[in-house]
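Okay, so here's the structure we're looking at.
The values are calculated or read from the model by the stated rules, or taken from the named source; none is laboratory data. Note that this is a predicted model, so its numbers are computed, not measured. Neighbour counts are summed over all protein chains in view; Cβ atoms, including those assigned to glycine, are modelled from backbone coordinates with ideal geometry. Areas reflect the complete protein model, heavy atoms only, side chains present, ligands, DNA and RNA absent. Shrake-Rupley method; radii C 1.70, N 1.55, O 1.52, S 1.80 Å.
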Amino acid sequence: QPCLSNLRIQNLLHFTGTSANDNSCSNDVIFGAVDRMSIDGMDVNSGPLQAISVMAEGNALGGCKDTLLGTFKLNRSEIFNTLTGIATSLKAGAQVDINFNQFQGNASAILLTDTNQNTTITSNKIFVDSFNDISGSGIEILTKTASAPSKTRVVINNNEFTVASSSTPASYAIHASQPGKIAAISCAITNNRFNLGGSRVTGILFEDISTTHLSANRFSGDGTGAVFVTGSLPVSGWTITSNTGMDSFTASSGADIHLGTSTTACIIGQGQRAIINDSGSGNTALPQ
């Protein structure tokens with residue numbers, strides 16, 4: 001515990017560069033790895049805020065040291081009972097691999113904020129719930145500041161998401177958002193299993209995110225819906241193909257796949273047995 005009483009630990013493990021106000025103001029480089037560790041914060045409401053943080057000091061403290069690049073790997077580890085499991089914000093095309101881990105009891109398991117990373121998230125088991133009016137999420141991809149990098153790439157493959165909603169806030173397996181911003185966030189979401197349960201549960205919610213490939217995933221259980229694509233800016237370039245389980249999935253919204261009014265030039269492939277709500281223009285939904 002920190003010496004100061006009644007303060008929550010910010011990070012259990014913090015990978016970073018030099019001081020936020022270091023006079024050099026140059027980029028820092030790290031080559032970090034966490035392998036085969038078990039990290040338990042004990043209590044999501046009062047324990048450490050983040051189990052693992054990988055970001056420049058300037059991200060939180062201000063100053064000129066706001067760029068951190070290099071590589072980071074989280075492998076075959078367990079992360080329990082922290083507000084965030086792992087948070088990364090690397091730049092300059094850094095490589096981040098999050099593979100073969102288990103996350104449970106975290107309000108947000110994996111958080112990517114204002115990144116310029118090649119991020120692979122593969123073969124993890126992620127359990128999601130909501131806590132004390134905090135929305136739960138398995139993977140969060142966010143663009144929050146005007147100075148955020150112009151592009152980032154995320155591959156989410158062969159993971160298992162188990163998402164429940166035991167309290168009022170909505171819970172998500174994967175949530176990506178950049179309200180009103182235009183960064184190029186490209187995603188491939190493939191071969192994952194979404195086990196959903198609860199009227200406030202959504203599999204995938206993307207806001208103002210274009211150029212996403214969603215394929216060969218399996219959805220089961222019930223929730224608000226399996227896939228929501230929406231936003232305030234034009235959203236295009238989605239391909240949703242070869243997903244299964246939607247014929248037995250129960251969507252309280254009345255549809256499994258929702259394309260919002262801002263969507264255009266999106267394609268939903270045939271044979272997925274999905275109920276589709278297309279409120280956009282120029283989208284193509286092939287026979288189900």
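I need the phi-derived Karplus couplings for the stretch 279-284: 6.51 cos²θ - 1.76 cosθ + 1.60, θ = phi - 60°, integer Hz, Gly and Pro marked x.
After applying 6.51 cos²θ - 1.76 cosθ + 1.60, I find 9, x, 9, x, 7, 10 Hz.
Considering only protein heavy atoms, what per residue accessible area in square angstrom results for the chain with a 1.4 angstrom probe?
42
First obtain the Kirkwood hydrodynamic radius of the stretch 1-100 from its Cα pairs, then insert it into the Stokes-Einstein equation at 37 °C and 0.692 mPa s, and state the resulting D in µm² per second as a whole number.
In µm²/s, the coefficient is 231.
For the chain, set up a GNM with springs between Cα atoms under 10 Å and report which of ILE52, ILE134, ILE185 has the largest fluctuation.
Answer for the Gaussian network model of the chain: ILE134.
Whole-Hz Karplus ³J(HN,Hα) for the stretch 224-235, in order, using 6.51 cos²θ - 1.76 cosθ + 1.60 and θ = phi - 60°, x for Gly and Pro?
Whole-Hz 3J(HN,Hα) from phi for the stretch 224-235: 4, x, 7, 9, 10, 10, 8, x, 9, 10, x, 10.
Once label points are set 7 Å from the Cα along Cα→Cβ at both PHE31 and THR239, what is their separation, rounded to one decimal in nm?
About 3.6 nm, to one decimal.
If the elastic network links every pair of Cα atoms under 10 Å, which of LEU196, LEU112, LEU13 fluctuates the most in the Gaussian network model of the chain?
Residue with maximal mean-square fluctuation among LEU196, LEU112, LEU13: LEU13.
Given the convex hull of the Cα atoms of the chain, what is a quarter of its surface area in nm²?
Details: hull surface 57.0 nm².
Quarter of the Cα hull surface area: 14.3 nm².
What does the charge add up to near ILE141, with Lys and Arg as +1, Asp and Glu as -1, over the other residues with Cβ less than 13 Å from its Cβ?
Here the count lands on 0.
Could you pull out every one of the lysines with an alpha carbon less than 18 Å from that of LYS125, ignoring same-chain neighbours closer than 8 positions?
LYS73
Straight-line reach only, C-alpha to C-alpha below 24 angstrom: list the lysines that LYS181 could link to, leaving out same-chain residues fewer than 8 apart.
LYS65, LYS91, LYS144, LYS151
Using a 1.4 Å probe on the protein heavy atoms, what percent of the accessible area of the chain belongs to carbon and sulfur?
Solvent-exposed carbon and sulfur of the chain make up 52 percent of the total.
At 7 Å along Cα-to-Cβ for each site, give me the label-to-label distance between ASN191 and THR261 in nm.
4.0
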